[in-house]
1. Give me the one-decimal nm value for the distance between modelled label points at residue 12 and residue 289, 7 Å along each residue's Cα-to-Cβ direction.
2. Would you work out the charge dipole size for the chain about its Cα centre, treating the Cβ of every Lys and Arg as +1 and the Cβ of every Asp and Glu as -1, and quote it to the nearest 20 debye?
3. Taking 0.36 nm per intervening residue step and subtracting the Cα-Cα distance, what contour gain separates residue 205 from residue 74 on full extension?
4. Using DSSP to call loops (not H, G, I, E or B), can you name the GluC sites (Glu not before Pro) in the range 83-145 whose Cβ has at most 12 other Cβ atoms within 10 angstrom?
5. Got a sec? Which residues in the range 244-273 would a label at residue 230 touch, if it sits 7 Å along Cα→Cβ and we count backbone N under 18 Å?
6. What lysines sit close enough to residue 80 to cross-link, taking a C-alpha to C-alpha distance under 24 Å and skipping anything fewer than 8 places away on the same chain?
7. Divide, for the range 85-142, the radius of gyration over alpha carbons by 2.2 N^0.38 Å, where N is the residue count.
8. May I ask what percent, to the nearest 5, of DSSP beta bridges between residues of the chain are antiparallel?
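The values are calculated or read from the model by the stated rules, or taken from the named source; none is laboratory data. Treat the numbers as computed from the prediction; the structure is a model and nothing was measured. All Cβ positions, glycine included, derive from the backbone under ideal geometry; neighbour counts span all protein chains shown. Heavy atoms of the whole protein, side chains included, go into the accessibility calculation; ligands, DNA and RNA do not. Shrake-Rupley method; radii C 1.70, N 1.55, O 1.52, S 1.80 Å.
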Amino acid sequence: MSIEALQNQAAQLAKEAVTQIESADSTKELQQIRVQYTGKKGELTAISKEMRNLSNEEKPLLGQAISGFHETFNNAFGEKETRLKEAELAAQLAAETIDVTLPGRIQATGTRHILTQTREEIEDFFLGLGYQVVDGPEVELDLYNFEKMNLPKNHPARDMQDTFYIDDEVMLRTHTSPVQARTMEQHDFTKGPLKMISPGKVFRRDDDDATHSHQFQQIEGLVVDEHVTLADLKGTLLLFAQAMFGEQREIRLRPSYFPFTEPSVEADISCFKCEGAGCNICKQTGWIEILGSGVVHPDVLEMSGIDSKKYSGFAFGLGIERVAMLRHNVDDIRHFYQNDSRFLTQFKGGHK
Ligand code: PHE
């Protein structure tokens, strides 16, 4: 092909390219036009390939024609690209406009479970009396759950607390009392008396009904020091009853039996609903049973390495569910575990 023909072609191509560029609708289309002309298989590239067939005099002429194409092409391209980018950005901004006048979507916020709230309130009360809060394992050794609590193997009182066994020596704990032994073993009396509570889950054989569950939560309490007596227990329980159920509450102790306390007592509080007159909550007695407790059996102290001649203590175990049921008039323990938000949200924002 002659140099003139090639020059004409380059100029013609530039014109066509400019027309195409002008009518492009998007930057994407623009890029395609660039490929169409200057890409590997592009139309201008085909002209450039003719270079090797030209004489040395003709070569610079074609070079100029090619540069001319590029100049025209790039100018038109650059200008159009700027305009298209602006338009595309404007379109994007318009499409992404947020209507701030739309009503928001309400985020459902959860509430702390009423048993958690009750547990923490009881913890706060005892922390205020200088107790420490300690944790114990839910999967417990027979040694701590029973033996160190004065329930040797084959003791008949074990029957009342049958549980899930992992093997002969390992089980789900039936009460929080094993934490008593674990804490006593560790305690250093040169640092002061032992005063602790231990909240947590317990498991035992029970026929589940409105007031019983095979899994529930307890709070264990234990104080050991010199000269601790049943009177200290009664005073502590009185303060507790008044803090949880009102200033007017009184405490009544009834004899009972636990292998790990001697004497053992059930503690009742005076009924907060009828003030003793008799109602359905106190089953017409004026008193409501609230927990089991007693003076720590000397053998229990000794088994955990404490000199029972020098030290004495009291212990109690209360059910968190029971406290929450009484305070909030919950008639069935199973409500706590069913996760029905109609029940749970009643306790939003605390329970005072
Ligand atoms: N561990 C007893 C129970 O679960 C409660 C208790 C604790 C009684 C401490 C006396 C002293 O029934």
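1. 11.0
2. On the way: 38 positive and 54 negative charges, 103 e Å.
In total the dipole reaches around 500 debye.
3. Details: separation 131, 0.36 × 131 = 47.16 nm, distance 8.66 nm.
Separation in residues times 0.36 nm, less the Cα-Cα distance, equals 38.5 nm.
4. When the GluC sites (Glu not before Pro) of the range 83-145 are filtered for loop state and at most 12 Cβ neighbours within 10 Å, 96 remain.
5. Residues 251-269 fall inside that zone.
6. Residue 80 reaches 15, 28, 40, 41.
7. On the way: Rg = 27.0 Å, N = 58, 2.2 N^0.38 = 10.3 Å.
Normalised by 2.2 N^0.38 Å, the Cα Rg of the range 85-142 equals 2.63.
8. Numbers: 43 of 45 bridges.
Here the share of antiparallel DSSP bridges comes out near 95 percent.
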